[in-house]
Amino acid sequence: MKLHRINALVQRHLFLYRRSLPRLMEIFYWPFLDLVVWGFITVYLMKFQGQLPGVVTFFLGALILWDVLFRAQQGITISFLEEIWARNLMNLFASPLKPSEFLAATMVLSIFKVAAVSVVMATCALAFYDYNVFMIGLSLVPFVLNLVITGWIIGVLTTSIIMRFGQEAEVLAWGMVFLFQPVSCVFYPIEVLPAWLQAIAWGNPAAHIFEGMRMVLNTSVFPAEHLAWATGLNLLYFVLMVGWFHYTFNVCKEQGLLVRVGE
Amino acid sequence: MPAPILEVRNLTKRFGDSIAVDDISFDIQPGEILGLLGPNGAGKTTTIQMLLGLVTPTAGSIRMFGLDLATHREQILQQVNFSSTYISMPYSLTIEENLWVVAKLYGMTDISRRIDEVLKKVEMEDSRTKITRRLSSGQMTRLALAKAILTEPKILFLDEPTASLDPDIAHKIRALLKEVRKSTGLSVLYTSHNMKEMEEMSDRIVFLQKGRIVAQGTAQEITQRFGQRDLEEVFLKLARES
């Protein structure tokens, strides 16, 4: 064993930490999010001292619905990354294809992905845990549609960042959505959050969706107000994000980044 | 003389403080092959990227078919295609699938017949269902060319189309391009570091150096102007002066 060779390899990786987003995320981002999400779940469980109504329904349902959002986002971002990995972006954008058509195609793909994943998860939940996701009833439909749109919004945001900052930012395709998880209140009600974080969460359409779903399960009352907030916020953010994507696309063309994004 | 099919006027591209393309102007006539020549970093690829609408010019104008690229991108790109050594096509798709996607992007009909035609032209008719990943570099280049001519463009931009090919395949590619030009009246903008190829293929040559046009004309006119025997000597003289 020669120390200088071990040192060389250690240094080789430490050099990367100075400018590598994925490596910095390993140290700061993921531990922080794990702590925040599991911390709030713990607070929630402690508050109710194990007297949660339908605990399995809560957590399995929340998990399946979170996956809807996650896959909707992935449908957009991974489709863009596939074009980068295949060095195919120039072929696409040197054709008559418009950026809006590109986005529309990725959204269609994300619907396929969400549909396939939902069938798999719902079937598994039924087979392994005797849990029927459709027990929530027809109220599920508008909320799921809203979750898909929230996923698209995060997907378009992530894709814009990857287009602007290149392949180094591709780890965001898997990580960005989890930044929204603590304030989406997937596994705990919004009242568990501190007041300042609640204010942020109310601006997140996903928080309204998950709050609404819990209301359906607890009271069987259709949460029209939450649905209206989720839809309104989604529409607002969707328009803003599509505008942001077009702005970023033009900046990338201006700075010659579009042709270098895969390098 | 017919109206130029491509008109570039005072085209400039700056990236921060550095200037990649500096106030260049040139035309391409219908059916003409124009060679874009210059050392690495001369601005050839940036020029092609601007012509394809992938990079926004800092100044100047690009007109094709009498239309301004800045305002008629879709109509222009419908009639243009390109091939470059520096890009590829999705590896997991078959040749046929890749060409089908391209044909759809350009709104083509009768796609299957057209795919048959171009694959025959590039001598890949037996590879239709082959996965792109399994192609050799020569086959990959021929596929890129098949993609470029598939859509029956009026202008073709070719960025080093024969780089990394053995002389036999490179010869076949040149022969194919000549044949396509003859049969369709296609105009071509061609870049290459192979001077012999440039002399063979180009009706006229635009010589770029540090983003500026330093010479323009036929290969013979350029070699005479610089008092050299051939384009290679002109290239070496200019590259070493820069």
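One residue is enough: does the range B:134-141 have a residue meeting the conditions crowded, with 18+ Cβ neighbours inside 10 Å, more than 21 Å from the chain's Cα centre (by Cα) and at pLDDT below 95? Among the residues of the range B:134-141, at least one is crowded, with 18+ Cβ neighbours inside 10 Å, more than 21 Å from the chain's Cα centre (by Cα) and at pLDDT below 95, which makes the answer yes.
Scan the range B:204-229 residue by residue and report those that are assigned to a loop (DSSP other than H, G, I, E, B) and surrounded by fewer than 20 Cβ atoms within 10 Å (Cβ to Cβ). Before you say what the answer is, go through the steps one by one.
First, pick out the residues of the range B:204-229 that are assigned to a loop (DSSP other than H, G, I, E, B): B:210-211, B:218, B:226-229.
Result: B:LYS210, B:THR218, B:PHE226, B:GLY227, B:GLN228, B:ARG229.
Would you tally the residues in the range A:75-118 being over 16 Å from B:ASN81 (Cα atoms), facing another protein chain (nearest Cβ under 10 Å) and crowded, with 17+ Cβ neighbours inside 10 Å? Outline the logic, then answer.
In the first step, residues of the range A:75-118 are kept if they are over 16 Å from B:ASN81 (Cα atoms); the result is A:75-87, A:99-118.
Imposing the further condition that a residue be facing another protein chain (nearest Cβ under 10 Å) reduces the set to A:82-83, A:85-87, A:101.
Narrowing the set further to residues that are crowded, with 17+ Cβ neighbours inside 10 Å leaves A:83, A:86-87.
Matching residues across the range A:75-118 total 3.
Listed by first and then second residue, the pairs with beta-carbon distance under 6 Å, at least 6 apart or on different chains, first residue in the range B:223-242 and without any contact (Cβ under 8 Å) to a residue 24 or more places away in the chain, second among the β-branched types (Val, Ile, Thr), are B:THR223/B:VAL234; B:PHE226/B:VAL234; B:GLN228/B:VAL234.
Taking the range B:12-40, which residues are within 14 Å of chain A (Cβ to nearest Cβ), touching a strand residue (DSSP E or B) at 6+ places or on another chain (Cβ under 6 Å) and either of a type in the set (A, V, I, L, M, F, W, C) or on the phi > 0 side of the Ramachandran plot (or both)? Residues satisfying the conditions are B:ALA20, B:VAL21.
Taking the conditions exactly as written (of a type in the set (Phe, Trp, Tyr) and more than 13 Å from every other protein chain (Cβ to nearest Cβ)), does B:PHE82 satisfy them or not? If you could, list the steps in order and put the result at the bottom.
Numbers: of a type in the set (Phe, Trp, Tyr): yes; more than 13 Å from every other protein chain (Cβ to nearest Cβ): no.
So B:PHE82 fails the test.
Flag not set for B:ILE76, criterion: touching a Pro at 6+ places or on another chain (Cβ under 9 Å), away from chain A (no Cβ under 13 Å) and of a type outside the set (D, E, K, R).
When the range B:47-63 is limited to residues that are outside any loop (DSSP other than H, G, I, E, B) and within 13 Å of chain A (Cβ to nearest Cβ), the one that is surrounded by the fewest Cβ atoms within 10 Å (Cβ to Cβ) turns out to be B:ALA59.
Filtering the range B:87-97 to residues that are at the interface with another protein chain (Cβ under 9 Å from one of its Cβ atoms) and part of a helix (DSSP H, G or I) leaves nothing.
For (1) at pLDDT below 95; (2) under 19 Å from A:ALA72 (Cβ atoms), each residue gets a yes or a no:
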residue	(1), (2)
A:ILE136	yes, yes
A:SER160	no, yes
A:GLN167	yes, no
A:GLY175	yes, yes
A:PRO189	yes, no
A:VAL192	yes, no
A:MET213	yes, yes
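Using the structure shown, decide if A:LEU258 is within 14 Å of chain B (Cβ to nearest Cβ) and surrounded by 20 or more Cβ atoms within 10 Å (Cβ to Cβ). For A:LEU258, the condition - within 14 Å of chain B (Cβ to nearest Cβ) and surrounded by 20 or more Cβ atoms within 10 Å (Cβ to Cβ) - is met. Residues in the range A:119-135 that are within 20 Å of the chain's Cα centre (by Cα) and surrounded by fewer than 18 Cβ atoms within 10 Å (Cβ to Cβ) were compared, and the one that is nearest to the other protein chains (Cβ to nearest Cβ) is A:VAL120. The single condition among (1) closer than 30 Å to A:VAL261 by Cβ; (2) surrounded by 16 or more Cβ atoms within 10 Å (Cβ to Cβ); (3) touching a residue at least 24 places away in the same chain (Cβ under 8 Å) that A:GLN167 does not satisfy is (2).
Looking across the range B:64-76, the residues that are surrounded by 15 or more Cβ atoms within 10 Å (Cβ to Cβ) and either out of contact with any helix residue (DSSP H, G or I) (no Cβ under 9 Å at 6 or more places or on another chain) or among the β-branched types (Val, Ile, Thr) (or both) come down to B:HIS72, B:ARG73, B:ILE76. Mind listing just one residue for me: the one in the range B:114-151 that is among the polar types (S, T, N, Q) and assigned to a helix (DSSP H, G or I) and, of those, nearest to the other protein chains (Cβ to nearest Cβ)? Looking at the filtered set, the residue picked out is B:THR132.
The values are calculated or read from the model by the stated rules, or taken from the named source; none is laboratory data. Every value quoted in this text rests on a predicted model; they were computed, and no experiment measured them. No Cβ is skipped: glycine too gets one built from the backbone with ideal geometry, and neighbour counts run over all protein chains shown.
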